[in-house]
Amino acid sequence: MSRILIIEDEPAIRRVLVKILSEEDKSHEIDEAENGIDAINHIKKNSYDLIISDIKMPKVDGMEVLDYSKKNTPETPIIMISGHGDLELAVDSMKKGAFDYISKPPDLNRLLTTVRNALDRKQLVVENKLLRKKISKNFEMIGKSKAINQIKDLIDKVAETDAKILVNGPNGSGKELVAKSIHNLSKRAHQPLIEVNCAAIPSELIESELFGHVKGSFTGAVKDKVGKFEAAHNGTIFLDEIGDMSLSAQAKVLRVLQDNCIQKVGGGKDIKIDVRVIAATNKDLKKEIEAAKFREDLYHRLAVIIVDVPPLNSRKDDIPLLIEHFCQNIADSQGSDVKKFSEKAIDLMKKHDWSGNVRELRNAIERLIILGDKEISPKNVKDFIKI
């Protein structure tokens, strides 16, 4: 169920909009406001999945409602309704963060398509926000080693820019945490961070996932779909394992980076986007270029700033801090007391070959907490990690 606010001072148009949306999906909960003052009062009291607002209204107009909503509920998409003489204002509303605008009288198909896309984007933003909260609670960039401090310093320098970032490092080393830290410290922090695991998406579906598709563009495309780039508009997209992306998709990503626009699969319309791109890989992309598996021009577009995340084996002095962090984290999630590791157990953990990096360490700590003694002993470490 989606909650929608319709703001329109002309009762006839307002009734038409309510009727169209109610017939499209009977589960929609629709509130009405006849002017900007009424609308702002609604926004103060309620949480909306979508706002549809006329631009020209007496006293408080749609542009003021847009400003208020973007300041106080930035995740809520807003569709502006413009008269034929309001085109300049409609364009200005897009610059201020409106999702889209529709001319009066509204075209039925255009209206419904825009509403679906806006609600899809809101859902992605909500899911992303929940994921970010979960990640923030469970994982942080922990460590005081020289390598980690250098990464933190680099993040501080580049976060406020829009420079493209390429993060290198082995699996499980924390590349996604670098991307998250950069986004959270950037001017885009209140906008979505959309993650795409390029290795997990079949090559025949990657373009649809990245750029979206239009209804009927291929078998199974039963409705228009918002792609990850469009969902990340004004925010950040994190292209994880980009070294596994097909050459065809690489070419289209390169075009996005060059032109700042996308085309949906099966669509011929350019859609302008404003997205900060962070990419990550566990592969040596220069070797992939030599093997004709990765585009050199794309590499140079992405590698404006390069962040090299070290394997855990090269920063073992961080292991005590990581153990303390994960013990607290696991105790919080399980509602249990925090278990302690003996000094000798920690020393033994530091001697282990952590080929799976921080991810392997975290799993090992959880195993020891579940199976080990009240205080984790060297014997527990030997028994359950096979050191």
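The values are calculated or read from the model by the stated rules, or taken from the named source; none is laboratory data. It should be emphasised that the depicted structure is a prediction, and the values quoted were computed from it without experimental measurement. Note: ideal-geometry Cβ built from the backbone for every residue, glycine included; neighbour counts use all protein chains shown.
Tabulated values for the structure
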| read-out | value |
| --- | --- |
| Number of positions in the range 315-343 that are assigned to a helix (DSSP H, G or I) and either at positive phi or surrounded by fewer than 13 Cβ atoms within 10 Å (Cβ to Cβ) (or both) | 5 |
| Of all residues making up the range 367-387, the number that are assigned to a loop (DSSP other than H, G, I, E, B) and touching a Phe, Trp or Tyr at 6+ places or on another chain (Cβ under 9 Å) | 2 |
| Top-ranked residue in the range 246-272 [being farther than 20 Å from residue 199 by Cβ and polar (S, T, N, Q); ranked as surrounded by the fewest Cβ atoms within 10 Å (Cβ to Cβ)] | 258 |
| Filtered residues of the range 105-116 (kept if assigned to a loop (DSSP other than H, G, I, E, B) and surrounded by 16 or more Cβ atoms within 10 Å (Cβ to Cβ)) | 106 |
| Condition check for residue 206: surrounded by fewer than 20 Cβ atoms within 10 Å (Cβ to Cβ), modelled with pLDDT under 95 and either out of contact with any strand residue (DSSP E or B) (no Cβ under 9 Å at 6 or more places or on another chain) or closer than 27 Å to residue 291 by Cα (or both) | no |
| Residue within the range 87-102 that is assigned by TED's automatic domain parsing to the domain that holds residue 13, under 24 Å from residue 232 (Cβ atoms) and modelled with pLDDT under 80 present | yes |
| Subset tally (residues that are under 16 Å from residue 114 (Cα atoms) and either in a strand (DSSP E or B) or modelled with pLDDT under 90 (or both)) for the range 223-236 | 4 |
| Any chance residue 286 is over 26 Å from residue 154 (Cα atoms) and among the charged types (D, E, K, R) | no |
| Qualifying positions in the range 295-314 - crowded, with 17+ Cβ neighbours inside 10 Å and not β-branched (Val, Ile, Thr) | 295, 298, 299, 301, 302, 310, 311, 312 |
| Count of residues meeting criterion [part of a loop (DSSP other than H, G, I, E, B) and touching a residue at least 12 places away in the same chain (Cβ under 8 Å)] in the range 162-189 | 13 |
| Residue within the range 188-197 that is surrounded by fewer than 19 Cβ atoms within 10 Å (Cβ to Cβ) and under 26 Å from residue 356 (Cβ atoms) present | yes |
| Selection within the range 82-129 - more than 26 Å from the chain's Cα centre (by Cα), among the hydroxyl-bearing types (Ser, Thr, Tyr) and closer than 15 Å to residue 51 by Cα | 82 |
| Residues located in the range 336-354, provided they are under 32 Å from the mean Cα position of the chain (by Cα) and at pLDDT 95 or above | 354 |
| Complete set of residues in the range 344-366 that are in a loop (DSSP other than H, G, I, E, B) and without any contact (Cβ under 8 Å) to a residue 24 or more places away in the chain | none |
| Matching strands (runs of 3 or more DSSP E) fully within the range 1-81 where at least 3 residues are over 28 Å from the mean Cα position of the chain (by Cα) | 29-33 |
